[in-house]
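Written out below as structure tokens is the structure these notes cover.
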């Protein structure tokens with residue numbers, strides 16, 4: 001009986017201390033981002049927070065707080081209400097802050113190690129740029145491609161009525177989970193290319209080779225100018241080889257040469273001539289190649305010319 005009473009008291013205390021995050025109706029990327037940051041990085045206080053929505057600039061009515069069985073001290077407003085996580089006060093009009101950047105500052109004070117999370121910083125900077133209409137300065141700013149970006153997708157869903165306020169908020173959370181994970185891979189890929197990658201020349205230019213699990217290194221190396229990028233997975237042993245789309249090179253000769261020296265690995269030559277793949281998440285049960293990274297490099301030099 002005593003254990004039951006203690007359990008009930010714990011449940012009551014949990015309900016009494018549960019936080020409420022309030023933001024505006026039709027939450028945009030900044031409102032979503034600020035709420036996501038609190039839930040994701042201050043889980044002790046906001047991990048199981050409830051959400052409520054008000055008109056822009058307003059705060060939630062005390063009667064609504066009572067209905068939700070939340071203490072007024074456990075209510076926080078983001079991107080509305082002119083509180084500490086809102087940036088619409090007159091004195092903040094020109095400081096290029098956002099609700100997300102204000103929450104980020106709070107989180108870095110609470111957990112100083114987050115100041116070194118470069119991926120998270122990039123995410124917050126992007127949200128802040130969008131919230132200040134910084135996209136009008138992007139190259140070809142009126143190009144339709146930008147409608148595929150997250151802030152435009154969120155806005156577009158308002159026209160097809162697929163979401164209410166809460167589902168739109170949580171859709172944004174899922175997207176930001178993916179963006180943050182991708183940014184972590186991107187930041188790590190840059191570090192790997194600077195510290196672990198090998199670079200070697202062929203007649204057409206520089207190539208990159210690296211042993212890592214990070215697949216972002218392939219695209220990033222091409223963006224930096226590598227004619228051919230090679231990655232050998234340190235865990236699975238698979239090898240992926242890609243050539244820049246604009247390079248005057250076809251990997252068919254390399255595919256033919258590899259088929260002569262590797263009878264174990266499962267290889268796929270893409271008919272476009274720019275990809276030679278041994279291992280892909282799209283293709284299960286592929287056997288890894290026994291070839292070493294150095295052997296692949298020598299084959300490429302042999303076929304395409306050592307500068």
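A short reminder: the numbers here are calculations on the coordinates, not readings from a lab. Since this is a predicted model, take the numbers as computed values, not measurements. Note: ideal-geometry Cβ built from the backbone for every residue, glycine included; neighbour counts use all protein chains shown.
Give the separation of the Cα centroids, the stretch 108-129 to the stretch 175-201, in Å.
If you average the Cα positions of each part, the centres end up 17 Å apart.
For the ranges 214-224, 168-178, what's the packing order if you count other beta-carbon atoms within 10 Å of each residue, average per peptide, and put the highest first?
Highest-to-lowest ranking by the protection proxy: 214-224, 168-178.
Roughly how many whole Å is it from the C-alpha centroid of the stretch 153-172 to that of the stretch 17-94?
18
Can you work out the FRET efficiency for the pair residue 153 and residue 253, with r the C-beta to C-beta distance and R0 = 45 Å, to the nearest 0.05?
0.60
Which order, highest average first, do 137-150, 197-210, 263-276 follow once you tally other Cβ atoms within 10 Å for each residue and take the mean per peptide?
By packing density, highest mean first, the sequence is 197-210, 263-276, 137-150.
Given axes a ≥ b ≥ c from the Cα gyration tensor, I'd like to know whether the stretch 43-106 is rounded (a/c under 1.5), prolate (a/b larger than b/c) or oblate.
Oblate, because a/c is 1.5 or more while a/b does not exceed b/c.
Rounded, prolate or oblate: pick one for the stretch 197-304, where a ≥ b ≥ c are the square roots of the eigenvalues of its C-alpha gyration tensor, a/c under 1.5 means rounded, and failing that, prolate if a/b is larger than b/c, else oblate.
rounded
Starting from the Kirkwood radius over alpha-carbon pairs of the chain, derive D by Stokes-Einstein at 10 °C in a medium of 1.306 mPa s and give it in µm² s⁻¹.
The calculation lands on 69 µm²/s.
Report the label-to-label distance for residue 140 and residue 43 in nanometres (one decimal), using points 7 Å from each Cα along the Cα→Cβ vector.
For residue 140 paired with residue 43, the spin-label model returns 4.1 nm.
With each run of n ≥ 4 DSSP H residues scored as -39500 (n - 2.57), what mean residue ellipticity at 222 nm is computed for the chain after dividing by its residue count and rounding to the nearest 500 deg cm²/dmol?
Helix-only estimate at 222 nm: -14000 deg cm²/dmol.
Quick one: angle between helix 2-17 and the longest Cα principal axis of the chain, in degrees between 0 and 90, rounded to 10, please.
80
Treat each spin label as a single point 7 Å out from the Cα along the C-beta direction, and report the residue 91 to residue 109 distance in nm.
1.4
Rounded, prolate or oblate: which fits the stretch 119-183, taking a ≥ b ≥ c as square roots of the Cα gyration tensor eigenvalues, rounded meaning a/c under 1.5, else prolate when a/b beats b/c? Intermediate results must be reported in sequence, preceding the final value.
Values: a/c = 2.02, a/b = 1.17, b/c = 1.73.
Since a/c reaches 1.5 but b/c is at least a/b, the shape of the stretch 119-183 is classed as oblate.
Given R₀ = 35 Å, FRET efficiency for residue 164-residue 122 by Cβ-Cβ distance, to 0.05? Present the calculation step by step, with values, prior to reporting the outcome.
Numbers: r = 30 Å, r/R0 = 0.86.
Once rounded, the FRET efficiency stands at 0.70.
Within the chain, what percent of beta bridges assigned by DSSP are antiparallel, to the nearest 5?
60
Helix 29-41 sits at what angle to the longest principal axis of the chain, using alpha carbons and giving 0 to 90 degrees rounded to 10?
90
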